[in-house]
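Structure, as structure tokens:
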Amino acid sequence: MGTLRLFSVQIAIALLLLTQAKSTTTKDMPVHPNNTSTSCIADERYALVTFREGLSDPANLLSSWKGDDCCRWKGVKCSNKTGHVIRLDLQGPDCDNSEFSIQLRNSPDSLQVLNLTSLEELDLSGNHFHKRGSPNWFWDLTSLKSLDISSNAFYGPFPHEIGNLTSMVNLDLSSTDLVGMIPSNMKNLCNLEGLFFYESNINGSIEEFFQRLPSCSWNKLQTLDLYNCNLTGHLPAMLSPITNLLWLDLSSNQLTGELTKLTRLSMESNNLDGVIYEGHLSRLNMLEELTLSGNSIAIIVSPTWVPPFSLRIFELRNCQLGPKFPAWLRWQTHLNSLDISNTSISDMVPDWFWVLASSVQFLNIRDNRITGVLPSTMEFMRGEIMDFSSNQLSGPIPKLPMNLTNLNISKNSLVGLLPLDIGAPRLETLVLYGNYISGTIPSYLCKLQLLTLLDISENNLTGLVLDCQDNKSTTNMTSLSILNLSLRNNNLSGDFPSFLQNCKKLIFLDLSYNKFSGNLPTWIRQKLPSLVFLRLRSNMFYGHIPEELTLMFNLQYLDLAYNNLTGSIPRSIGNYKGMIQRRDGDDGFEYAFQQGSISIDGNEMVEYSENFKVVTKGQERLYTGEVIYMVNLDLSCNNLIGEIPEEIATLVELKSLNLSWNTFSGKIPEMIGALVQVESLDLSHNELSGEIPTSLSALTSLSRLNMSYNNLSGMVPSGNQLQSLEDPLYIYIGNPGLCGPPLPRNCSHLEPIPANQELHEDVVSFFIAMGSGYVIALWVVFCTFLFKRKWRVSWFSHCDSLYDQVYVLVAVTWASLTRRNA
């Protein structure tokens, strides 16, 4: 929106200047009224010199302001008829195509204004004036027709002196620190054509704002920009008399109410509701742009209605168009940008829509329930950015348009093979996850040298991953630009993909839930130096964890769970800088996760939410944009042995650490409490021994802890956070040597065995027999599902929970009987 707004502002100002330029020529020199000198009027020159002396100009950008002829000074324009200064253009560096950089050193609040009575245009935009908006010398220039003080630091209330500028045609007070409601005497400005307040903190009622506008200029006002002004209230009906209004921007406010007659309307991101009927639109013959995204507006028209206008831009995201496909759109044959995402359409896409869409450059129909198939003529479409995600489209993927750069067809019902020739040589993002695409990954993906995001996860792809080196028609394989690659949840097999050696820019890699096997490559550190996220979960990788993997300093997320890895954890694991230091928000890392999110003119045209599921706190949770803040180490469900290295305690930015279901032995690292950011810690189902370090109580962020089924002994540490965890008995179950709260066993002394234990022998024997039988049954199930990985994982989790319940029941019953007979 910002780009469009700035462009439109520049167009409006340019038109104004061109209109004024009809009566002047830049090649003519200013002439004194008496035609006796070519220099400017002395009193006006003196006023300008006085003004310059009050400015701080460290770059000496006003160096041309010397000599007698001020009409030759940079930024100064004189009338070729009268010689008077009529324009000062001192636009600063915060505006496009600007060359000045001046600010308030000791600028006078007033000048000899009688000497600048002919000044018509004053542009001080984009400088660094930091002072109150009033008093200031320019408010006394009653001859001003154009005043631009935007993108400065003027503060305080909107000056009352605005009402004195009765000749004003264009007034721009945008992007300043002026606050409050505009002055009521603005009613005096009867010549207004353009009024710009965007990104100003008016912070009041829109009804009151319009009441303070000059009704005497309603037939002249053409542009009114109130973008992001913190306006509230109901959209007033008084907009109707503003008959010549070409552009109204009320976006990013907090408005309610219905719409009214306009020719160009941009009101996205408000709280507008209500219904637009064809009667509201039938007289808008010149309508070219209608942007209502982010509201709760419904458009209800007859299916046979033919609109009188021809739109170039139509954006109605989150509004109500459905349930039927809006038939009136078929007449909008000049559309360049079309966004009807999340508009409650539940219908089959008509054939005429693909004809209409063939000329659309930016097309977004996501988040509906649209059925049908993609057209076989898709390659001839003009589209550059297309988002069809979260619908019910079926059929195969056809050859893509030549100019296409971004495509998202995720979460549909597409089937079949990927096309033999995908086309789209300029493709930058390709998002196809959540479909039923089958077959192998075609080698032409190696040719897409501009591709930065590829997500084809959650499909039915099989076979080996492409090997770009075997593609003889492909050259310069070291230049693949992929930053984000997700192949998860398919049936891909083979070794760790070798083509990744050509992806040195790769930041995010997800190969989880496939059938990859073999050793983890030792070239991974050298060939993937930028890698931050690596997830190989639920595959069949075996062998040791290569030391090179632990030397990837940028890595902040490593998930190797549910593989067949052996050996110990390398002590060099403490080298993960990404798990030690908080990532700088300005390091550009977020760029890899924003590749599929595209904004057009400041509006979110295409959005890509990384479908990244993180296993933490015992659950699989879907993370979107916030995944960039996840710091995770998961080595669970492997065959790792040895001690947990002390160096793991140096990874102080970890939020989740899972080493469960291995054969780790020895003691828990004493400095485990240094992991102050950790929220989930799971060391269960190992052979750890010794006492639990007391430093564990320092983990104030901890919300889930699991130490169960080890050989731990001694007193359970205490602490406020530890005492607030859920299921405290489950946390330590399976460690008979542990004692102290929350466990029923007392550490201070062991209670003697009661003499009448025989009286309860039958009861105890019953529970012991039941528990033993349950354990045997569990092992039978384990053996049965030994070669079914997904069944095994699910069954382990279920049986583990049942076993824990039985154990707790036995322990509580035993403690109760012991106390009763003490």
The range 161-200, residues that are among the aliphatic types (A, V, I, L, M), in a loop (DSSP other than H, G, I, E, B) and more than 16 Å from residue 218 (Cα to Cα): 165, 173, 181, 182
Taking the options 359, 337, name whichever one is under 17 Å from residue 289 (Cα atoms), buried (at least 18 other Cβ atoms within 10 Å of the Cβ) and among the small types (Gly, Ala, Ser). 337
What are the residues in the range 118-130 that are surrounded by 15 or more Cβ atoms within 10 Å (Cβ to Cβ) and at pLDDT below 85, if any? 127, 128, 129
Hey, can you tell me all the residues within the range 283-326 that are of a type in the set (A, V, I, L, M), more than 21 Å from residue 383 (Cα to Cα) and not in a strand (DSSP E or B)? 284, 286, 287, 292, 301, 306, 321
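Rundown of residues vs (1) touching a His at 6+ places or on another chain (Cβ under 8 Å); (2) at pLDDT below 95; (3) buried (at least 18 other Cβ atoms within 10 Å of the Cβ), yes/no style:
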site: 582; (1), (2), (3): no, yes, no
site: 606; (1), (2), (3): no, yes, yes
site: 625; (1), (2), (3): no, yes, no
site: 632; (1), (2), (3): no, yes, yes
site: 655; (1), (2), (3): no, yes, yes
site: 661; (1), (2), (3): yes, no, yes
Residue 450 - would you say it is surrounded by fewer than 18 Cβ atoms within 10 Å (Cβ to Cβ) and touching a Gly at 6+ places or on another chain (Cβ under 6 Å)? no
Can you list the strands (runs of 3 or more DSSP E) lying wholly within the range 491-558 that have 1 or more residues being more than 25 Å from residue 628 (Cβ to Cβ) and not hydrophobic (A, V, I, L, M, F, W, C)? 491-494, 515-519, 540-544
Is it the case that some residue within the range 631-647 is touching a residue at least 24 places away in the same chain (Cβ under 8 Å), in contact with an Asp or Glu (Cβ under 7 Å, 6 or more places away or on another chain), among the β-branched types (Val, Ile, Thr) and not in a strand (DSSP E or B)? yes
Could you please tell me which pairs satisfy a Cβ distance under 8 Å, a separation of 6+ or placement on different chains, a first residue in the range 40-64 that is in contact (Cβ under 8 Å) with a residue 40 or more places away in the chain, and a second residue that is in a loop (DSSP other than H, G, I, E, B) and among the acidic types (Asp, Glu)? 40/68; 40/69; 61/99
Looking at the range 502-559, which of its residues are surrounded by fewer than 20 Cβ atoms within 10 Å (Cβ to Cβ) and at positive phi? 518, 543
Please list, ordered by residue number, the strands (runs of 3 or more DSSP E) wholly in the range 352-398 having 2 or more residues that are within 17 Å of residue 314 (Cα to Cα). 362-364, 385-387
State whether one or more residues within the range 547-565 are at pLDDT 95 or above and among the β-branched types (Val, Ile, Thr). no
The lone condition residue 423 fails out of (1) farther than 30 Å from residue 276 by Cα; (2) more than 29 Å from the chain's Cα centre (by Cα) is (2)
Using the structure shown, decide if residue 330 is in a loop (DSSP other than H, G, I, E, B) and either crowded, with 19+ Cβ neighbours inside 10 Å or free of Cβ contacts under 8 Å to residues at least 40 places away in the same chain (or both). no
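The values are calculated or read from the model by the stated rules, or taken from the named source; none is laboratory data. Since this is a predicted model, take the numbers as computed values, not measurements. All Cβ positions, even for glycine, are placed from backbone atoms using ideal geometry, and neighbour counts span all protein chains on display.
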